[in-house]
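Q: There's a structure below that I have some questions on.
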Amino acid sequence: MERPDTYKTLHRPSEEILYKDRKSKFYAQVFPIRSEDDVKPIVEELRKKYHTANHVCYAWQLGTENPIYRVNDDGEPNNSAGMPIYGQIQSFDVTNVLITVTRIFGGTKLGVGGLIQAYKTAAQMALENSKIVKKIIRSQYRLQFGYADMDKVMRIIKQKNLDLVSQKMELDCDFVISVRLSESEDVFQIFDEMQAVAITPIT
């Protein structure tokens, strides 16, 4: 079975949505992220923006094949906020995203069931209001070869419609190419069978 070579994510942060339940306000937003380091500044910014907020709960996921994720209840009862938010990341099948739900308490306790429902609904509404895009998973390879093989290499790059990420031409040629994941094994084999070309994967 061929591995899927696309994934769904966001280009830019979504609009913020507001969900209300018994006077509690839940402000939810979805952010695209590239690494775990992106999370903290966003959450800190929200704490500043909503300085009266009682909780800034969130969930995020990164990666496609073996994704990593984290959830944070930020003082709400265990698993009543972060996990319902994360459930929506799974439900919408998106990755490389952070969903935050900032709660301003309205004076009435919602109970654990009410909280789970509120955080889930707020996260769902934020995703429904997001512009979700499909991205292609790509592999990168380094090609090293002499000038004599330049035409052959360029012909394959054009034929296979590969992206040339960088090229250095000094004593020899040193190219970095980007290949759609589903085609990467074929492309690797083509260059690997060329005597004068060294191909190495870039992780």
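The values are calculated or read from the model by the stated rules, or taken from the named source; none is laboratory data. Bear in mind that the values here come from a model prediction, so they are computed numbers and not experimental data. Cβ placement follows ideal geometry from the backbone for every residue including glycine, while neighbour counts extend to all protein chains displayed. Side chains are part of the model used for accessible areas, which takes the heavy atoms of the whole protein and leaves out ligands, DNA and RNA. Shrake-Rupley method; radii C 1.70, N 1.55, O 1.52, S 1.80 Å.
Q: So how much accessible area does Phe105 have, in Å² to the nearest 10, using a 1.4 Å probe?
A: Counting only protein heavy atoms, Phe105 exposes about 90 Å² to solvent.
Q: Taking the simple approach of a point 7 Å from Cα along Cα-to-Cβ for both Leu18 and Gln189, what is their distance in nm?
A: If labels sit at Leu18 and Gln189, their model points lie 5.9 nm apart.
Q: For an R0 of 35 angstrom, estimate the FRET efficiency from the Cβ-Cβ distance between Lys109 and Ile137 and round to the nearest 0.05.
A: 0.20
Q: For the stretch 50-105, what is the Kirkwood estimate of the hydrodynamic radius, computed as the reciprocal of the mean inverse distance between distinct Cα atoms, to one decimal in Å?
A: By the Kirkwood definition, the hydrodynamic radius is 11.6 Å.
Q: Which one of Thr108, Thr64, Thr100 has the biggest mean-square fluctuation once the chain is modelled by GNM with Cα springs under 10 Å?
A: Thr108
Q: Between Val176 and Asp38, what's the calculated FRET efficiency when r is the beta-carbon distance and R0 is 25 Å? Round to 0.05.
A: Using R0 = 25 Å, I get an efficiency of 0.50.
Q: Compute for the stretch 1-101: radius of gyration divided by Kirkwood radius, i.e. Rg/Rh, restricted to C-alpha atoms, rounded to two decimals.
A: 0.99
Q: Another question, if that's okay. What ratio of Cα Rg to 2.2 N^0.38 Å holds for the stretch 94-203?
A: Scaled against compact globular proteins, the figure is 1.85.
Q: Along Cα→Cβ, 7 Å out, is where each label goes; now give me the distance between the ones at Thr52 and Gln117 in nm to one decimal.
A: Inter-label distance under the simple model: 2.6 nm.
Q: Right, here's the next one. Largest first, please: the extent of the C-alpha atoms of the stretch 54-145 along each principal axis, to the nearest Å.
A: 70, 24, 18
Q: In the chain, what percent of the accessible surface is made up of carbon and sulfur (1.4 Å probe, ligands and nucleic acids excluded)?
A: Carbon and sulfur together cover 46 percent of it.
Q: Return the single residue from Gln90, Gln61, Gln124 with maximal mean-square fluctuation; model: Gaussian network over the chain, springs between Cα atoms under 10 Å.
A: Largest GNM mean-square fluctuation: Gln90.
Q: Lysines near Lys168 by alpha-carbon distance under 29 Å, same-chain residues fewer than 8 away left out - which ones?
A: Filter leaves Lys135, Lys152, Lys158, Lys160.
Q: With every protein chain present, what is the per residue accessible area of the chain (1.4 Å probe, Å²)?
A: 58
Q: State the volume of the convex hull built on the alpha-carbon positions of the chain, expressed per residue in Å³ and rounded to an integer.
A: 134
Q: I want to check the label-to-label distance for Asp93 and His11. Put each point 7 Å from Cα in the C-beta direction and report it in nm to one decimal.
A: The modelled label-to-label distance comes out at 2.1 nm.
Q: Okay, next question. Please return the longest range in the chain lying between exposed loop sites, taking GluC sites (Glu not before Pro), DSSP loop only, at most 16 other beta-carbon atoms within 10 Å, and leaving the sites out.
A: The longest such stretch corresponds to 66-169.
Q: On to the next question. Going by Cα centres, the stretch 1-80 and the stretch 132-198 are how many Å apart?
A: 37
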